[in-house]
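A short worksheet on the structure shown next.
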Amino acid sequence: MSAGERRMRIAGRTRGAPSGRACLTVLLLAIMLGGLAGFIVGAGPANRDSAAVLLAANRLERLMADLEQSQLRYLATGNTRSLRPWQAARAALPRQAAALQRLAAENGSEQDRRAREIVRAATAYLREHAEPLMTMARRDRHSARTLVTHAEGRRRIETIRRKFDHFADVQQRLVRARERDAVPAVRRMTATAAGVSGCLLLVFLASGLVRRRRPGTRVGLEWLDLDRLRRTSGEREGLRRLAALAAGKAPPEEIAAETARQMGRVLRAEHTMICRYEPDGTVRVTGHWSAPGAPPVMPPAEGRWPVEDDHVTAAVRRTGRPARLHGDRAAAGALGDWLAANEIRRFAGCPILTGERLWGMAAVLSRSPLRRTARAEQTMRQFAALAGVGLENAAHRAELAASRVRLIEAADAARRRIERHLHESTQQRLVAVGLELSAVERTVPPGMEELREQVSTAARDLREVIEGLQDVARQLHPAFLLRRGLEPSLRALARRTPLPVDLEAHGRQPPSWNSAMTVYYVVAEALTNAVLHAHASVVRVRLDLEDEVRLRIDDDGVGGAHPYPGSALAHLRDRAEALGGEFTIDSPAGGGTSVRVTIPADSPPAGPASA
């Protein structure tokens, strides 16, 4: 074998086997990716532990509710079958309390302390109230009912529930904090891995190019089309921004304007616009954009023109496919006159679909010739598709908001019917009965003082029932609000509250009926909570009706209010959000309660629903 043949065989074996540099690169990539995967997988157990803590607290809270409800049912009915859930809850409570303590101990000393307080309160309720109450009820149910009327057990249950709510709120904040801390770390590690991997790959490729180049060959990046890379990067960035906008809560006008801007910037067009096909056979511009330095001529034809034959808007509407108009073909109608007057030589349109329905058209206009390339048409299709998704989402959100407002109006109408029935039927009958009792009291003969006192007591109790019924009717539907307006109704509400209420109202712009009802209900609920639960000494109410409805309520009570699902605060929050507003509550333990409500001025101005 000659020396040349030996050199060729050795060279062939060297090219066929992986080099040491390649093996090192692959090894480093595997180590980094494995570390990244281990970090991501390791973040899971903490979230699972937090979910187990919340589940254990929820189960213990349900056991407490079973204890309370079962013993109340037994006291009301005397049916021993009502005691089965009570006995099951009493047996399971120690085991579930121990499980909560064990899981909470792994989530920090503060949560462990709160869990121990909950367990101590629950155990004390069982031993000091529930068990003695049921022992007494088995002997004398009437005496046990008398004990319940003192509301000692109810106060204990409310205290335990507040502890549960605070525990769950802190635990959820811990979960969110862990997620916030984990996401940036994952992103940093991912970015580092990607950067190092890219550097290693470039080094490996560059070294391979250097080894393979011939003597005198220039090594560089001339093979890269930098202009094309910049265009591709700009297109991806534009599509990413539009996708984020479409997935958010942006209104249709903002989506249309951003689509026109990003599409024009990527395609380097002079003018772009987003048009909508209206039911009356016209086209309306909902968003447009012009390049810097381009003539300020947008939108065409004052933003609206009829769909006529022989130009792009008609072709897109008729076929549902992209269409173009070239300078050698004249367009008819108002749009054609505008195109000719502004020397627009090229007009390309792409359909925008929302679901299966043709919504409108994305258009590019230019005074210079547009190169008809598959790449440009594909870019227009991508932007039009994203715009269609965003516009469809916006339409669904608008329909959902309208349906929520209709539900609120239907609920208000039902409350008004009930209030009217209570006032015109039930209350009037009770008043008549009260008058009859007063007449009977006057006709009781002398010497029957005991009978007279019984009739007088019955009449007095009936008057208290009528007053309570009037309070219920006002809570269901404040008829005074309909007759006098929002501010007088709030002042009347403040006068009926058994603690000082500092009320200030600014602005004379009357809000819509739905907004006024929401403000009234929020103030009524806040005053009730301040009296019954917060034990506040003063409440401050600030109402501003200048531009939008802005309400703020502050008290100096014990705090701890939380809009848990099904509560009155949660329903009021849903009501405010259904009107496009915001409802926030800040109520730290021992720090008072602050409620803020904002409702935009353009919320649905519906009047009171008819009965």
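Of all residues in the stretch 395-446, count the ones that are over 30 Å from GLU254 (Cα atoms), touching a residue at least 12 places away in the same chain (Cβ under 8 Å) and open to solvent by 60 Å² or more (accessible area, probe 1.4 Å).
Qualifying residue count for the region: 7.
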Within the stretch 234-267, tally of residues that are open to solvent by 70 Å² or more (accessible area, probe 1.4 Å) and modelled with pLDDT under 85: 5
Hits in the stretch 77-118 - residues which are at pLDDT below 85, open to solvent by 60 Å² or more (accessible area, probe 1.4 Å) and under 13 Å from PHE167 (Cβ atoms): GLU110
Residue within the stretch 347-367 that is modelled with pLDDT under 80 and surrounded by 15 or more Cβ atoms within 10 Å (Cβ to Cβ) present: no
Only one of VAL501, VAL522, VAL531 that is farther than 15 Å from ARG552 by Cβ and of a type in the set (A, V, I, L, M, F, W, C): VAL531
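Can you pull out every residue in the stretch 61-92 that is under 35 Å from the mean Cα position of the chain (by Cα) and aliphatic (A, V, I, L, M)?
So in the stretch 61-92, the residues under 35 Å from the mean Cα position of the chain (by Cα) come out as 61-69.
If the condition is that a residue be under 35 Å from the mean Cα position of the chain (by Cα) and aliphatic (A, V, I, L, M), then LEU63, MET64, ALA65, LEU67 are the ones that fit.
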Residues of the stretch 564-586 satisfying the condition of being open to solvent by 20 Å² or more (accessible area, probe 1.4 Å) and in a loop (DSSP other than H, G, I, E, B): TYR564, PRO565, GLY566, GLY580
Single unsatisfied condition, GLY248 versus (1) of a type in the set (Gly, Ala, Ser); (2) within 18 Å of ALA384 (Cα to Cα); (3) touching a strand residue (DSSP E or B) at 6+ places or on another chain (Cβ under 9 Å): (3)
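The values are calculated or read from the model by the stated rules, or taken from the named source; none is laboratory data. Predicted model, so just to flag it, every value in this text is computed and none were measured. So basically every Cβ, Gly included, is an ideal-geometry build from the backbone, and we count neighbours across all protein chains shown. Accessible surface areas use protein heavy atoms only, side chains included; no ligands, DNA or RNA. Shrake-Rupley method; radii C 1.70, N 1.55, O 1.52, S 1.80 Å.
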